[in-house]
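Below: the structure, in structure tokens.
Bear in mind that the values in this text are calculations on the coordinates, not laboratory data. Predicted model only: the values in this text are computed from it and were never measured. Here the Cβ is made from the backbone with ideal geometry for all residues, glycine too, and neighbour counts use every protein chain on show.
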Amino acid sequence: MQFSYKALRKDNVNVSGVIEAANRDAAMASLEHQGLHPLLLTEGGGKKRSFGFGKRVKTSDMVIFTRQLSTMISAGVPIARGLATLQDSSDNSYFRGVIVAVTKDIEGGTQLGDAFAKFPNVFDDVYVNMVRAGEEGGILDEILKRLALQVEQNASIKKRVKGAMTYPMVILVITVAAFFGIMFFLMPKIAKILTDLGGPDAKLPIYTQVLLDLSHFSRQYAYIIIPATVAVIWLVRRYIKTPKGKYQFHSLMLRTPVVRTIITKVAIARFSRTFASLMSAGVGVLDALAVTGGAIGNKVIEKELSDAAVQVKNGKQLSEVLAASPHFPRIVSQMLAVGEETGTTDTVLLKVADFYEEEVATAIDSLAAIIEPVMIVFLGAGVGLIAASVMGPIASLSNNVGG
């Protein structure tokens, strides 16, 4: 059980934190053993905290923090003292506040993984689960070293994805903004010109009439359309954050052409590197699968690994189970089988991770090369359609008036 406490130290300084104990009396005894005089003790304390909405920590800060903490633990420095030393190592005041809070929890008897779990916007599920596995296996320093490397690898992949999508997203935003600008401001003036030239009963091309009707509808019901659009986007985003919604969204992504290739390769790279790190650190296969599932970033593949763990527990080889998976290529199960036979599973999977990380980079570059011209073609087609819808009728009506 967890208990939140406020207590008075021997130097008359008030402290607070969370402590784990079998019951209230055990929590009181533990606090007194630490030289604290309990002022307030309430059951609970596992709630996730935040020191500000939308706060984030830079990847470089996370890597430095993780490496330094690993070095201190390797040197035999107690975790609480190591964290206290690292409190001033970051220029990010928010991150310093997080480390201070984690330090207080550790001093109160909380496990490091559980303390990290209270700050999900700083320490994600992968980070927390790997730290917990390191604590359970007594290899926390080694896990932290590998975590630092993994944070860098994940940041590199995210940077590539963002870089590849920046230009297409800019084009898309400009296109949408231009469309609504034309619908709200330009089309009403064009409608007036066409009415002046040909009268209210002028015969217009079907595509011109559609644009005029769409413009009229958009302006007339803007007070409904805009809030409804925002509400739908908010509801969809909220639904995707639920377990069921996230699973369905991830399933949809795995059925989307082109995108599914990148998602699958990213998942395989993460699986291979995380599983290899845990295996080389001495974590058992079943525990490694449980932690690795949370590292994948896709709920569908995570469920596959969970089901695989059950089959492995029943006596099957992991390579045999993954061979039947629709998302793990044959080469992964074959390489894993070689690793299982030779006792070099971690080494083999690290090579698989390196290979698929290169494949991810290539796939992202290819996707960017495809998306950019496609977006430009769509933008050009839209501009051409609007120009034809406007200029054609104006020229035709002008000729009729002139004749």
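Counting only alpha carbon atoms, the long axis of helix 59-74 and the longest principal axis of the chain meet at about 10°.
Going by neighbour counts of Cβ atoms within 10 Å, the residues F249, F116, F184 line up, fewest first, as F184, F249, F116.
Sorting V258, V283, V63 by the number of Cβ atoms found within 10 Å of their own Cβ, with the fewest placed first, yields V258, V63, V283.
Give, in nm to one decimal, the length gained when the segment between Q111 and K203 is fully stretched (0.36 nm per residue of separation minus the Cα-Cα distance). If you can, show how the numbers build up before the last one.
On the way: separation 92, 0.36 × 92 = 33.12 nm, distance 7.64 nm.
Answer, rounded to one decimal: 25.5 nm.
Rounded to whole numbers, the Karplus 3J(HN,Hα) couplings from phi for segment 384-390 are x, 5, 5, 4, 5, 5, 9 Hz, using 6.51 cos²θ - 1.76 cosθ + 1.60 with θ = phi - 60°, and x at Gly and Pro.
Once every DSSP H run of n ≥ 4 in the chain is given -39500 (n - 2.57) and the sum is divided by its residues, what mean residue ellipticity at 222 nm do you get, rounded to the nearest 500 deg cm²/dmol?
Values: 17 runs with 293 residues, N = 403.
Estimated from H runs of four or more residues: -24500 deg cm²/dmol.
In straight-distance terms, cross-link reach from K316 covers every one of the aspartates and glutamates whose alpha-carbon lies under 17 Å from its own, apart from those fewer than eight places away in the same chain; here that gives D287, E304, D307, E340, E341.
Provide the net charge surrounding A80, with neighbours chosen by a C-beta distance below 10 Å and charges set as Lys +1, Arg +1, Asp -1, Glu -1. Working shown, then result.
On the way: positive: R81, K104; negative: D105, E107.
Overall, the nearby charge balance is 0.
Going from the fewest other Cβ atoms within 10 Å to the most, the residues Y247, Y239, Y223 appear in the order Y223, Y239, Y247. Tilt of helix 140-181 relative to the longest C-alpha principal axis of the chain, in degrees (0 to 90, nearest 10)? Relative to the chain, helix 140-181 is tipped by roughly 10 degrees. Return one number: the angle in degrees, 0 to 90 and rounded to the nearest 10, between the long axis of the Cα atoms of helix 299-313 and the longest principal axis of the Cα atoms of the chain. Taking Cα atoms only, the helix is inclined about 40 degrees.
Dividing the mean sequence gap of close Cα pairs (under 8 Å, 6+ apart) by how many residues the chain holds gives a relative contact order of 14 percent.
If only the Cβ of Lys and Arg carry +1 and only the Cβ of Asp and Glu carry -1, the dipole of the chain around its Cα centre is close to 1100 debye. What is the distance in Å between the Cα centres of segment 182-245 and segment 147-175? Each part's Cα centre sits 32 Å from the other's. Return the lysines within reach of K158: Cα separation strictly under 28 angstrom, same-chain partners fewer than 8 residues apart disregarded; answer none if there are no such residues. The reachable lysines, counting only those whose Cα sits under 28 Å from K158, are K48, K55, K58, K118, K145, K241, K244, K246, K265, K299, K303, K351.
Amide H contacts of G17 (H built 1.01 Å from N, in plane; Pro and chain starts excluded): Y5 sit under 5 Å, all sequence-distant by 5 or more or on other chains. For V338 and T166, a Förster radius of 56 Å and the Cβ-Cβ distance give a FRET efficiency of 0.90, rounded to the nearest 0.05.
With R₀ set to 45 Å, the beta-carbon distance separating D365 from A29 gives a calculated FRET efficiency near 0.15.
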